[in-house]
Amino acid sequence: MPELPEVELVSSTLQKLVAGRKLTNTEVRREKLIPENDADDFVRRLSNVSITAVARRGKHILISLDSEETLLVHLRMTGRFLLLGLDRELPKHSHAIFTFADSDRLVFEDQRHFGFMRLLANQELSTCGQLASLAPEPLSDEFSISYFRSVLLNSKRSIKELLLDQTKVCGVGNIYASESLFLANIDPQQKAGQIT
């Protein structure tokens, strides 16, 4: 499962590769990829629009469009993006294909079928379920020592459970939680509220 650093790398790479480019056509090959959107409407709204920027919030990739909409993407376990020319064969598990005006294609491939996408209006971002409950970004000013102390003191869960809760600490998954607790010499089962 990609964690915040991996998603940041994907997001910043996509920003360099696709920001400013125009999408002429979109194809969805697996409708379960977009459970909150109608497939025909999704394809229509993602055709003849330009990508203005690519960013990240938690483990979500946010692809901003000049139509005042955002494509929200979660890679889950095996989702990934590939930039391919028309002469390149599509991977076996290509679930969405975004074709640019210059004929390159941005392909979303997901072998395990866990990834998802959602297209929504920009004004819906702050209230959409996937983003509204996320904790402050770990490297932001909002994620302070006092914030983290209050989160710890108000919890009866283990420290590892708390670190994995995206409403308390955004972007951390199993590997980073385990490694950081090991480096800090903290038992993952220790109650969060007992940590000094």
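The values are calculated or read from the model by the stated rules, or taken from the named source; none is laboratory data. Source: prediction; values computed, not measured. Cβ atoms come from the backbone with ideal geometry, glycine included; neighbour counts cover every protein chain shown. These accessible areas exclude ligands, DNA and RNA; they are computed on the full protein's heavy atoms, side chains included. Shrake-Rupley method; radii C 1.70, N 1.55, O 1.52, S 1.80 Å.
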Given charges at Cβ of Lys, Arg, Asp, Glu: the chain dipole, positive-most of Ala135, Val151, Ser178: Ser178
Phe114/Thr52 FRET efficiency (R0 30 Å; Cβ-Cβ; nearest 0.05): 0.60
Of all accessible heavy-atom area on the chain, the percent that carbon and sulfur account for (1.4 Å): 51 percent
Entries of Lys59/Lys191; Lys16/Lys160; Lys16/Lys59 with Cα pairs more than 23 Å apart: Lys59/Lys191; Lys16/Lys160
Selection from Pro5, Ala55, Ile34 lying farthest towards where the dipole of the chain points positive, charges on Cβ: Pro5
Sites Ser67 and Thr24 - FRET efficiency at Förster radius 22 Å, r taken between beta-carbons, to 0.05: 0.95
Student exercise, the chain dipole from Lys, Arg, Asp, Glu Cβ charges, in Debye to nearest 20: 460 debye
Separation between Cα centres of region 1-46 and region 151-196, rounded to whole Å: 31 Å
Inter-label distance, nm, simple model (7 Å from Cα along the C-beta direction), Tyr147/Arg76: 2.9 nm
Potential extension, Ser103-Ala121 segment - 0.36 nm per residue separation minus Cα distance: 3.8 nm
Over the chain, relative contact order from alpha-carbon pairs under 8 Å, at least 6 apart, %: 20 percent
Distance in nm between pseudo-label sites at Gln190 and Glu89 (7 Å out along the Cβ direction from Cα): 5.3 nm
Charge dipole (debye, nearest 20) of region 108-196; +1 at Cβ of Lys and Arg, -1 at Cβ of Asp and Glu: 400 debye
Dipole magnitude of region 1-72 about its Cα centre (Cβ charges: Lys, Arg +1; Asp, Glu -1), debye to nearest 20: 260 debye
Accessible area (Å², per residue) of region 17-89, counting only protein heavy atoms and a probe of 1.4 Å: 50 Å²
Region 104-196, accessible area per residue, ligands and nucleic acids excluded (1.4 Å, Å²): 58 Å²
Using alpha-carbon coordinates, inclination of helix 4-18 to the longest axis of the chain, degrees: 20 degrees
